[in-house]
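Structure first, commentary second.
Since every read-out is calculated from the coordinates, none of them should be taken as a lab result. Keep in mind that this is a model prediction, so the values were computed, not measured. FYI the Cβ positions are ideal-geometry reconstructions off the backbone, even for glycines, and counts take in every protein chain you see.
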Amino acid sequence: MSQHLLSDNIVPFTRRNFLFGSSSCIALLSFTGCTKGNAYTHGSLLFQPEERQFLEIASQLIFPTEDLTHDKKGLHVVDYLERQLAMPYGFGERTYLSGPFVQGDHALGYQLPYPPYDLYKTALSRLFAWIKDNFHEKSFVNLPSETQIQILENLEDDQINLGDIPSSVFFTQLRQNVLEGVFSDPLYGGNTEMKGWEYLGFPGARAEFMKWINQHGAPYPYKPVAIPLSFEKMQRFWQLQEENGTTSL
C-alpha cells in the first residue's frame, strides 16, 4: 500500500497490504444503537448493480471481514453507505457548496462542488470508463484480485484521471465511509451483529464498568451491547430520516 495510508496509527488486519488507521475509527463509535440481529434492512436504494459490486469488492479490500463473519455481504458496509447517501448528508444539505471551487492544499479540506452522492456517482462512472479503456472492455468485478488492488492503490495515489475529481479525494471518501460502516452502530446498516465492535474490543452501552476502571490494557471478555430499540422504532427512525433528516425517536 502506498505511503499515504501507512502514515496513520496502524492496526494490521489479516490479508494483503490494505491497512486502516485505528485512531480515525474510535470517534465513530458513539452512535445510538440497536439490539443484535435487529438491523432494519431493505433493498438497494441508490446503486446500480455494477456500482454495488465495485463497492462491495473495494470495501473488502480496504477492510477484509472474512475472519469476522460468514455473511457474503461482510458487515453490510455498502448498505450503510447507501443509506447515508440517501439522507441529507448525501445530498450536501449541510455542506457549503456555493463556491468558489479551487484546487487548494489538502489541509484546507474538501474543495469540490460535489455532495457525497454526486461524488460517488460521478467518480464511479468515470472510473468504470477508465477501466474499460485500459483493460479491454472488462469491468472491475471481472479483473484479477491483484489488478483490483492495484486500481485502488492508483486511486489513492492520484494516478487515475477522473476529470475534475482527484482520484485520491474519491479514495479518501470511500475509505472513510467503509470504516464508518464497519464501526458504526448496527442501526445505521453496517457493523452486522456488532462484529466490528468485537474486533476492537469495544464494549458498547454496558451499564457499569466499575470493576474495569483500574485494569488498564486488560482484554475485555464480554460481547458488546447496543442500546436496545424495537423494530418498530427502527422503522420510524428511517422514516423520519427519509422525510427530513431528523434522528429523533
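Points to keep in mind about this one:
- Geometric descriptor of the range 92-193, per residue, is 131 Å³ (volume of the convex hull of the Cα atoms).
- Between LYS223 and ASP133, the contour length at 0.36 nm per residue exceeds the Cα-Cα span by 27.6 nm.
- In this structure, LEU240 and PHE91 have a Cβ-Cβ separation that, at R0 = 22 Å, corresponds to a calculated FRET efficiency of about 0.85.
- Interchain or long-range residues, amide H under 5 Å from GLY204's placed H: VAL225
- Scoring 179-187, 154-162, 52-60, 211-219 by mean Cβ neighbours within 10 Å over their residues and listing the highest first yields 179-187, 52-60, 154-162, 211-219.
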